[in-house]
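The values are calculated or read from the model by the stated rules, or taken from the named source; none is laboratory data. Just so we're clear, the structure is a prediction, and the values are computed from it rather than from any experiment. As a convention, Cβ positions derive from the backbone with ideal geometry for all residues, glycine included, and neighbour counts pool all protein chains shown. Note: areas computed on protein heavy atoms with side chains; ligands, DNA, RNA excluded. Shrake-Rupley method; radii C 1.70, N 1.55, O 1.52, S 1.80 Å.
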Amino acid sequence: MNTRPQQLAAFDRLLTIMDDLREKCPWDRKQTLESLRHLTIEETYELSDAILENDLPEVKKELGDLLLHMVFYAKIGSETNAFDIADVLNGICDKLISRHPHIYGDAEGNPVVADTEEKVKQNWEQLKLKEGNRSVLSGVPQSLPALVKAMRIQEKARGAGFDWDEKSQVWEKVEEEMQEFKAHFNAETDAVLDQKEAEAEFGDLLFSLVNYARFVDLNPETALERTNKKFIKRFQFMEEHAKADGKVLHEMTLPEMDAYWNRAKTEVRP
């Protein structure tokens, strides 16, 4: 691994290259905070994919792409004297120190006890409120995907002490929500659904399942994405092998497709 001086030199090299690109490259010179935003989101998802695939060379590459974006934003900020990369770095350092009083002491330098992960999370949320946040939930971005947002809402509520005591209670809630959803969506009848109510009950059911996943230390977003990837691989296996046999999926019967699907389940790595 590189030494600290080598790490600092590499970061300085990136800052120097960013200065050159902003001055000399027509594309880089044209970019704004707003124009980079969607690209940063794309890069974040690409990093997420690499992590799920445990592709460490790709993780390294995507981290570089994201770091470039952070430096790019800071460079744009410096051009209007709003902030520069030192302000960004010092800002996060100051926040980390103030949010970890069990490591660095409180504002008066007094030691703070936080000997469990749960206590650290509770302290974090309490400190955010002291810093001016109006609500424990105000730090949850509005644009987060709904499944991730549900997880973060529940984690933050737990940090404020609002949570179930036992996972059995959470599972009882899941079963309760399932019954309420079933009452609005009975698959055994052809009755016309009240779509609005069914949607609300389905949302409650999903929220309760996310809650249970959190209690048993599962990340629902990761779990669902792994299932998505598994389904894609198996479905593409069906397409490829059916084509190799001179068949087309939409012309096949369900039992015929099931035969390929069962092969995919045994031959395709999850």
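Considering only region 197-242, how many residues are in a helix (DSSP H, G or I) and over 19 Å from VAL268 (Cα atoms)?
Within region 197-242, the first condition is being in a helix (DSSP H, G or I), and the residues that meet it are 197-215, 220-242.
Filter once more, keeping what is over 19 Å from VAL268 (Cα atoms): 197-215, 220-222.
The number of residues fulfilling the criteria is 22.
Within region 213-227, can one find any residue that is touching an Asp or Glu at 6+ places or on another chain (Cβ under 8 Å) and either at pLDDT below 95 or farther than 23 Å from GLU53 by Cα (or both)?
yes
How about region 149-174: which of its residues are assigned to a helix (DSSP H, G or I) and either basic (Lys, Arg) or modelled with pLDDT under 90 (or both)?
LYS149, ARG152, GLU155, LYS156, ALA157, ARG158, GLY159, LYS167, LYS173
Which one of these is open to solvent by 60 Å² or more (accessible area, probe 1.4 Å) and free of Cβ contacts under 8 Å to residues at least 60 places away in the same chain: GLU221, GLU201, GLU175?
GLU175
Could you check region 232-247 and list, in sequence order, the residues that are within 30 Å of ASP49 (Cα to Cα) and surrounded by 10 or more Cβ atoms within 10 Å (Cβ to Cβ)?
Residues satisfying the conditions are ILE232, LYS233, ARG234, PHE235, GLN236, PHE237, MET238, GLU239, GLU240, HIS241, ALA242, LYS243.
For PHE72, which of the numbered conditions (1) within 23 Å of the chain's Cα centre (by Cα); (2) aromatic (Phe, Trp, Tyr); (3) exposed (fewer than 15 other Cβ atoms within 10 Å of the Cβ) fails to hold?
Just one mismatch for PHE72, condition (3).
If you go through region 146-157, how many residues are without any contact (Cβ under 8 Å) to a residue 40 or more places away in the chain and within 14 Å of GLU118 (Cα to Cα)?
Within region 146-157, residues that are without any contact (Cβ under 8 Å) to a residue 40 or more places away in the chain and within 14 Å of GLU118 (Cα to Cα) number 2.
When you go through LYS121, LYS61 one by one, which is the residue that is part of a helix (DSSP H, G or I), among the basic types (Lys, Arg) and touching an Asp or Glu at 6+ places or on another chain (Cβ under 8 Å)?
LYS121
Residues in region 95-105: is at least one open to solvent by 70 Å² or more (accessible area, probe 1.4 Å), without any contact (Cβ under 8 Å) to a residue 40 or more places away in the chain, out of contact with any Asp or Glu (no Cβ under 6 Å at 6 or more places or on another chain) and within 29 Å of GLU221 (Cα to Cα)?
Checked against the condition, which is being open to solvent by 70 Å² or more (accessible area, probe 1.4 Å), without any contact (Cβ under 8 Å) to a residue 40 or more places away in the chain, out of contact with any Asp or Glu (no Cβ under 6 Å at 6 or more places or on another chain) and within 29 Å of GLU221 (Cα to Cα), region 95-105 yields at least one hit.
Residues are listed down the side, and each one gets a yes or a no for (1) modelled with pLDDT of 95 or more; (2) in contact with a helix residue (DSSP H, G or I) (Cβ under 7 Å, 6 or more places away or on another chain); (3) exposed (fewer than 13 other Cβ atoms within 10 Å of the Cβ):
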site: LEU8; (1), (2), (3): yes, no, yes
site: CYS25; (1), (2), (3): yes, no, yes
site: SER35; (1), (2), (3): yes, no, yes
site: SER48; (1), (2), (3): no, no, no
site: ASP84; (1), (2), (3): yes, yes, no
site: CYS93; (1), (2), (3): yes, no, yes
site: GLY109; (1), (2), (3): no, no, yes
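Go through (1) hydroxyl-bearing (Ser, Thr, Tyr); (2) touching a Phe, Trp or Tyr at 6+ places or on another chain (Cβ under 7 Å); (3) open to solvent by 60 Å² or more (accessible area, probe 1.4 Å) and name the single condition SER168 misses.
Tallying (1) hydroxyl-bearing (Ser, Thr, Tyr); (2) touching a Phe, Trp or Tyr at 6+ places or on another chain (Cβ under 7 Å); (3) open to solvent by 60 Å² or more (accessible area, probe 1.4 Å), SER168 fails exactly one: (2).
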